[in-house]
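Report on the following structure.
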C-alpha cells in the first residue's frame, strides 16, 4: 500500500529534524561532556597547547562525520587519497556549505584556518579559537596583535608540516558559481614561500543547504573532496603577480565546476 504523500513528507521531515537535532546535540552538548575535559587537560598539561588543540579539533569533527555517515547512509563520501597526503601547504577550496571547513579540519591533525572576526569575541569559543592558533579574518581592533603573532609563526608552522586551510571566496556560494577571491591566503603563501594545493568541495550544499536548518538525510548524494592541483609559484620572480596567481587558482576551480564535455 502506498503512503499518502503528505504523511510521507511529514515522516521524512520528522526524520531529518531528529537527525539534525542529534548532530547539533553532539556538536554542543557532546562537546561539553565528551571533549571539554580533554581541552582543559591539554590547556594546563600539554607542552604544545596549540598542537594539542588542533588534534582535538580534528578528532571532534571526525567523530561528527562518523555520526553523520551512520545517520545518513543515503549520502556517500569520497575523499581523494591525495588530499590526506598534503603537508606544509596553503590549502584553498571553493565554499558551498558550513560543512566545508569542519570537513577539511577533520582530515588534518596539524592545521590552522582563518575564522570570522566575530567568532573570536564569543566567550569560551573565542578562547578555544585563539588556543588552536586560528587566524582572525580581520586585524582590526584588539585582534591586531593576534594576527601579527599568527603571521610571525606561520612560516615555521608550515615548514613543520602544518597546513593552512582557506576558503578564499570568504563566504558560501548560493548558486555554485565561484565568487571573487580574497587576497589573504595568497599573501600568506607568498610570505611563507609555500605551495598552494587546490581542492574542490562538491555536494556538501546538497546535504546541508545554505539558509536551511535541517540536514537532507534522505536524498541520494555523494559528497566529494577532490584534489585538483598543486601550484608552486616562483614568488621571487620579477614577473610574479599576486593577481595572476589568484586568476590561475580561480581558473582551476571554474574549469572543475564546468568541465568541457
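Each reported figure results from applying straightforward, stated rules to the coordinates on display, with no laboratory input. Treat the numbers as computed from the prediction; the structure is a model and nothing was measured. A quick note on method: Cβ atoms are made from the backbone with ideal geometry, for glycine too, and the neighbour counts reach across all protein chains shown.
Quick notes on this one:
- Estimated from helical segments only, the mean residue ellipticity of the chain at 222 nm is -13500 deg cm²/dmol, where each DSSP H run of four or more residues counts as -39500 (n - 2.57).
- Segment 11-136: C-alpha gyration tensor shape, a/c 1.5 cut-off, then a/b vs b/c: oblate
- The three principal axes of the C-alpha atoms in segment 107-207 carry coordinate ranges of 36, 33, 25 Å, sorted with the longest axis first.
- Entry note, segment 158-261: relative contact order of 28 percent, from Cα contacts under 8 Å with a spacing of 6+ residues.
- Segment 5-257: relative contact order in percent, alpha carbon pairs under 8 Å with at least 6 residues between: 26 percent
- Of the residues 113, 47, the one with the fewest other Cβ atoms within 10 Å heads the list, and the complete ranking is 47, 113.
- Cα shape, segment 5-257, gyration tensor, a/c 1.5 rule: oblate
- The fewest-to-most ranking of 134, 27 by surrounding Cβ atoms within 10 Å reads 27, 134.
- Here the alpha carbons of segment 52-121 define both size measures, Rg and Dmax, at 13.1, 38 Å.
- Rounded to 5, percent antiparallel among DSSP beta bridges of the chain: 30 percent
- Ordered by the number of other Cβ atoms lying within 10 Å of each residue's own Cβ, fewest first, 77, 10 fall into the sequence 10, 77.
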